[in-house]
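First up is the structure itself, then whatever we jot down about it.
The values are calculated or read from the model by the stated rules, or taken from the named source; none is laboratory data. Values in this document were obtained by computation on a predicted structure and should not be read as measured data. Because the Cβ atoms are built from the backbone with ideal geometry, glycine has one as well, and the counts that use them run over all protein chains shown.
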Amino acid sequence: MRQPSLLFVCLIVQTIFLQNSHTLSIFPGDAYWADTNGIPIQAHGGGFLKLDNTYYWFGEDKTEGGHLFHHVNCYKSTDLVTWEYVSHALSAVEGAGSEIGSDAVVERPKVIYNERNRQFVMWFHLDSSNYGLAKLGIAISNTVQGPYQYQGSVSPFDEDSRDMTVWVDEDDAEKSAYLVYATRVNLDTVIAKLSSDYLSIQERLLKLVDIHREAYAVFKKDGLFYIVMSRATGWDSNTNEYMYSRSMSGPWSERFQVAPSSSNTFDSQTNYVVPLPDGKFMFAGDRWNRNDLSDSRYVWLPIQFGSENTISISWSAQFSLDIATGSTSDRSSIAYDSRSPEAELVGGATVMPCSGCDNGDSVGYIGMGGKLIFRGVRGSQNAIHSVLIRYANGDSTWRFATLKVNNGAWERNITFPKSGGGQVTKQIVVQVPLNQGAVNEIEISNENGYGPDIDVLKVEEW
């Protein structure tokens, strides 16, 4: 057998390096975040679990727009930016006596792994449609993606239980797990320790009375425990806070704001703090739309550590995340307007008035032969790029379009949620492979109907 030459091996290594040495952009807040199938991620109130080099994101599927239970979705990623849909980890079970039917509420699902039993355990806030049940639900699986089997519900210490989280102390040799939940209709907060199998509550460690908080996220840095939490204002954002302690049993510090009060935590509510390499952490929150929960989006921002155990988050409209080091940095994009010289209208594609668009118009009638083609799109290198598409749907429905790159070398069907009419823009971010230089072509079309009106593309650069 002929052996590959050293030059050939070096070229392969160089190609792999070029494809994987870069970092991708996150756009917090306004933009929908598409999975690798081009569908907006539905994983609200979520939690994260890392196994080897893969992160799993579990969260509520709000596709139907309301607060009732349909699924807990599971996604996976190796870079925390490119997410692949994996499964409905937990789904509604209909029938007499079912506590998790489609008339139930399942919120804030969190999955932890029990090493002793080699079992994945999901805890969540279980409720009735009018929030009168107020219990904790438990489900288990032998695989991370599920399906999880419902084990029943519990009223901890004979109290109501609402927003909650569970968390494992990985620094502890016993891998102790903790539960934090709101009780007495969110007035009090309880910190409890779980049993060694994570399937029940072992003891209550502390009750914080009359603090009126919810939406808890626990993390640990340099031996110090932190709990980030929200005020209890329903779906409306508020000033999130944090407290810290040397022990989950307390005593805990007073509570401090995690972001400027005028921002209402940049219009978000905490759901988890994601550990990153080298002692860094990411705030992961939801930006809820109380009138249509399917329209809720995500606010992720790096946590900054100051003196005297302080933490904070600052706004960044676009930043890159290096998953190898946990480092983040602000990043910019190149904008390609749909009316720019780089854009070609094909077939029935037509300029449309759009008061909410950058230059007062967009390109519509994309579909049924009508196409919008952006030529000369610049790639920073031969790699995946985060691409933001600003669009407007001319009616109250979701629209669909096919995104083709470089004459079909890569293509994906993209789902565009309803925008609120042709004068109102929304944004969605997809991850797209591009070649280095201003040599790329991105085509937007739809062979089976009409896609969205397109305002602008923004392609990250570095």
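Numerical summary
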| quantity | calculated |
| --- | --- |
| Qualifying positions in region 262-291 - of a type in the set (D, E) and assigned to a strand (DSSP E or B) | D286 |
| Of all residues in region 130-149 being more than 22 Å from L293 (Cα to Cα) and assigned to a loop (DSSP other than H, G, I, E, B), the one that is farthest from the chain's Cα centre (by Cα) | N142 |
| Options V180, V185; residue that is assigned to a loop (DSSP other than H, G, I, E, B), at pLDDT 95 or above and not polar (S, T, N, Q) | V185 |
| Unique match (being under 26 Å from K50 (Cβ atoms), among the hydrophobic types (A, V, I, L, M, F, W, C) and either touching a Ser or Thr at 6+ places or on another chain (Cβ under 8 Å) or without any contact (Cβ under 8 Å) to a residue 24 or more places away in the chain (or both)) among L199, L224, L206 | L224 |
| Candidate set: region 144-158, residues that are surrounded by fewer than 16 Cβ atoms within 10 Å (Cβ to Cβ) and in contact with a strand residue (DSSP E or B) (Cβ under 7 Å, 6 or more places away or on another chain); chosen: the one farthest from W57 (Cα to Cα) | F157 |
| Filter result for the condition that a residue is loosely packed, with under 13 Cβ neighbours inside 10 Å and touching a Phe, Trp or Tyr at 6+ places or on another chain (Cβ under 9 Å), over R331, R290, R297 | R290 |
| Number of the condition not met by S247 [criteria: (1) under 28 Å from H70 (Cα atoms); (2) surrounded by fewer than 17 Cβ atoms within 10 Å (Cβ to Cβ); (3) more than 17 Å from the chain's Cα centre (by Cα)] | (1) |
| In region 351-375, the residues that are without any contact (Cβ under 8 Å) to a residue 60 or more places away in the chain and surrounded by 14 or more Cβ atoms within 10 Å (Cβ to Cβ) | V351, D361 |
| Candidate set: region 117-142, residues that are closer than 10 Å to Y198 by Cβ and out of contact with any Lys or Arg (no Cβ under 8 Å at 6 or more places or on another chain); chosen: the one surrounded by the fewest Cβ atoms within 10 Å (Cβ to Cβ) | N117 |
| Criterion: surrounded by fewer than 16 Cβ atoms within 10 Å (Cβ to Cβ) and without any contact (Cβ under 8 Å) to a residue 24 or more places away in the chain - qualifying residue of D172, D188 | D172 |
| Neighbours by Cβ (under 9 Å, 6+ apart or cross-chain): first from region 150-166, assigned to a strand (DSSP E or B); second among the polar types (S, T, N, Q) | Y150/S98; V154/S161; V154/S200; T165/N271 |
| Any hit, region 304-315, residues being modelled with pLDDT of 95 or more and closer than 20 Å to Y32 by Cβ | yes |
| Residue among G45, G95 that alone is crowded, with 22+ Cβ neighbours inside 10 Å, at positive phi and out of contact with any Leu (no Cβ under 9 Å at 6 or more places or on another chain) | G45 |
| Residues of region 412-439 satisfying the condition of being over 24 Å from P353 (Cα atoms) and touching a Phe, Trp or Tyr at 6+ places or on another chain (Cβ under 8 Å) | N413, V432, P433 |
| Condition check for A317: among the aliphatic types (A, V, I, L, M) and within 23 Å of K110 (Cβ to Cβ) | no |
| Within region 188-247, strands (runs of 3 or more DSSP E) holding 1 or more residues that are small (G, A, S) | 188-194, 213-221, 224-231, 241-245 |
| Checking S340 against (1) farther than 30 Å from L293 by Cβ; (2) touching an Asp or Glu at 6+ places or on another chain (Cβ under 9 Å); (3) of a type in the set (G, A, S), the condition it does not meet | (2) |
| Residue count for region 338-353, restricted to those that are charged (D, E, K, R) and in a loop (DSSP other than H, G, I, E, B) | 2 |
| I334 assigned to a strand (DSSP E or B) and modelled with pLDDT of 95 or more | yes |
| Output for region 250-284, where each listed residue is free of Cβ contacts under 8 Å to residues at least 40 places away in the same chain and surrounded by 17 or more Cβ atoms within 10 Å (Cβ to Cβ) | N264 |
| Positions within region 226-242 being surrounded by fewer than 21 Cβ atoms within 10 Å (Cβ to Cβ) and aliphatic (A, V, I, L, M), in sequence order | A232 |
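Residue-by-condition table, conditions (1) under 19 Å from R297 (Cα atoms); (2) crowded, with 21+ Cβ neighbours inside 10 Å; (3) in contact (Cβ under 8 Å) with a residue 40 or more places away in the chain; (4) within 25 Å of the chain's Cα centre (by Cα):
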| residue | (1), (2), (3), (4) |
| --- | --- |
| R390 | yes, yes, yes, yes |
| T415 | yes, no, yes, yes |
| N448 | no, no, yes, no |
| V456 | no, yes, yes, yes |
